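Undergrad: This structure is in structure tokens; I'll ask about it shortly.
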Amino acid sequence: SQTIHQWPATLVQPVGSPLSLECTVEGTSNPNLYWYRQAAGRGLQLLFYSVGIGQISSEVPQNLSASRPQDRQFILSSKKLLLSDSGFYLCAWSPNLDRAEQYFGPGTRLTVT
Amino acid sequence: AQSVSQHNHHVILSEAASLELGCNYSYGGTVNLFWYVQYPGQHLQLLLKYFSGDPLVKGIKGFEAEFIKSKFSFNLRKPSVQWSDTAEYFCAVTLLAGYNKLIFGAGTRLAVHP
């Protein structure tokens with residue numbers, strides 16, 4: 001069966017510091033991968049998605065970037081964090097099909113101080 | 001831009017009460033529709049989905065949803081809620097036009113009192 005991992009689970013970082021959040025998927029190949037940010041009362045906002053290695057599409061211009069160095073690895077990064085980057089970040093995967101549900105990881109709670 | 005609206009942000013019910021959570025989307029093309037649930041301290045997980053066919057779909061734990069294309073709606077229902085249904089519920093849409101991107105509603109927090 002497929003599993004999705006995210007780490008770290010929680011992170012507290014000062015403003016201006018770099019960020020690296022990692023997501024890996026097991027038990028599938030060539031998945032679509034997604035990064036979301038969840039804000040209270042605002043649902044989930046899609047940040048980035050990837051349909052293959054090195055292929056990243058950005059949905060919202062911001063202080064963050066994403067990379068996919070391996071088929072089942074998706075990384076969310078920032079060179080300099082802002083206070084507004086605080087939030088709950090979720091990674092998800094789906095089969096590379098037109099009609100497929102997404103499966104979510106446990107998330108990372110990021111607090112920028 | 002496409003959007004998903006959930007009408008109720010907070011719902012409080014007693015056990016055995018009936019539940020209906022509203023969801024409307026704004027997109028005129030073909031869509032896939034989902035309800036996700038997030039129980040306290042747990043992952044976001046799929047409750048049910050609609051791709052095509054019978055517009056009344058049944059999901060886990062006694063939930064069902066009805067797709068009404070003319071109303072752009074996908075309301076979630078359960079005839080009799082339990083305390084364990086306390087969670088946050090998200091309606092979501094993907095557009096067949098591109099890459100399975102989920103567009104989420106703001107979510108509804110449901111609290112069920114014993």
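The values are calculated or read from the model by the stated rules, or taken from the named source; none is laboratory data. As the structure is a prediction and not an experimental result, all values here were calculated from the model. Cβ atoms come from the backbone with ideal geometry, glycine included; neighbour counts cover every protein chain shown. In case anyone asks, the SASA skips ligands and DNA or RNA and just uses the protein heavy atoms, side chains included. Shrake-Rupley method; radii C 1.70, N 1.55, O 1.52, S 1.80 Å.
Undergrad: Scan the range B:42-50 and tell me whether some residue there is part of a strand (DSSP E or B) and away from chain A (no Cβ under 14 Å).
TA: Scanning the range B:42-50 turns up no residue that is part of a strand (DSSP E or B) and away from chain A (no Cβ under 14 Å).
Undergrad: If you don't mind, there's one more thing I want to ask. What tally of residues in the range A:61-75 results from selecting those that are touching a residue at least 40 places away in the same chain (Cβ under 8 Å) and among the aliphatic types (A, V, I, L, M)?
TA: Qualifying residue count, the range A:61-75: 2.
Undergrad: I need a count of the residues in the range B:47-73 that are surrounded by fewer than 16 Cβ atoms within 10 Å (Cβ to Cβ) and among the hydroxyl-bearing types (Ser, Thr, Tyr). Show your work before the answer.
TA: Within the range B:47-73, the first condition is being surrounded by fewer than 16 Cβ atoms within 10 Å (Cβ to Cβ), and the residues that meet it are B:52-56, B:58, B:60-62, B:68-71.
Narrowing further to those that are among the hydroxyl-bearing types (Ser, Thr, Tyr): B:52, B:70.
Residues meeting the conditions: 2.
Undergrad: Sort out which residues of the range B:1-28 are at pLDDT below 95 and away from chain A (no Cβ under 13 Å), and write them in order of number.
TA: Of everything in the range B:1-28, those that are at pLDDT below 95 and away from chain A (no Cβ under 13 Å) turn out to be B:His7, B:Ser26, B:Tyr27, B:Gly28.
Undergrad: Inside the range A:76-100, can you point out the residues that are under 16 Å from A:Asn30 (Cα atoms) and surrounded by fewer than 20 Cβ atoms within 10 Å (Cβ to Cβ)?
TA: The first filter runs over the range A:76-100 and keeps only residues under 16 Å from A:Asn30 (Cα atoms), leaving A:91-100.
Hits for the range A:76-100 are A:Pro95, A:Asn96, A:Leu97, A:Asp98, A:Arg99, A:Ala100.
To keep it simple, each residue is scored yes or no on (1) in a strand (DSSP E or B); (2) modelled with pLDDT of 90 or more; (3) among the hydroxyl-bearing types (Ser, Thr, Tyr); (4) open to solvent by 10 Å² or more (accessible area, probe 1.4 Å).
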position: B:Asn75; (1), (2), (3), (4): yes, yes, no, yes
position: B:Ser80; (1), (2), (3), (4): no, yes, yes, yes
position: B:Tyr89; (1), (2), (3), (4): yes, yes, yes, no
position: B:Gly98; (1), (2), (3), (4): no, no, no, yes
position: B:Ala106; (1), (2), (3), (4): no, yes, no, yes
position: B:Ala111; (1), (2), (3), (4): yes, yes, no, yes
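Undergrad: Let me ask something additional. Is there a residue in the range A:93-111 that is in contact with a strand residue (DSSP E or B) (Cβ under 6 Å, 6 or more places away or on another chain), among the acidic types (Asp, Glu) and more than 9 Å from chain B (Cβ to nearest Cβ)?
TA: First pass over the range A:93-111, keeping only residues in contact with a strand residue (DSSP E or B) (Cβ under 6 Å, 6 or more places away or on another chain): A:93-94, A:96, A:99-111.
Retained after the next criterion (residues that are among the acidic types (Asp, Glu)): A:101.
Add one more test, that the residue is more than 9 Å from chain B (Cβ to nearest Cβ), and what stays is none.
No - not one qualifying residue is present in the range A:93-111.
Undergrad: Of the residues A:Gly27, A:Gly16, A:Gly52, only one is surrounded by fewer than 20 Cβ atoms within 10 Å (Cβ to Cβ), touching a Lys or Arg at 6+ places or on another chain (Cβ under 7 Å), of a type outside the set (S, T, N, Q) and over 12 Å from A:Leu110 (Cβ atoms); which?
TA: On the way: A:Gly27 fails: touching a Lys or Arg at 6+ places or on another chain (Cβ under 7 Å); A:Gly52 fails: touching a Lys or Arg at 6+ places or on another chain (Cβ under 7 Å).
Matching residue, one of A:Gly27, A:Gly16, A:Gly52: A:Gly16.
Undergrad: Can you list the strands (runs of 3 or more DSSP E) lying wholly within the range A:23-69 that have 2 or more residues being under 18 Å from A:Glu101 (Cα atoms)?
TA: Qualifying strands (runs of 3 or more DSSP E): A:32-38, A:44-52.
Undergrad: Follow-up. List pairs: first residue in the range A:76-90 and part of a loop (DSSP other than H, G, I, E, B), second residue open to solvent by 30 Å² or more (accessible area, probe 1.4 Å) and among the small types (Gly, Ala, Ser) anywhere in the structure, Cβ distance under 6 angstrom, at least six positions apart or on different chains.
TA: Close Cβ pairs satisfying both conditions: A:Lys80/A:Gly16.
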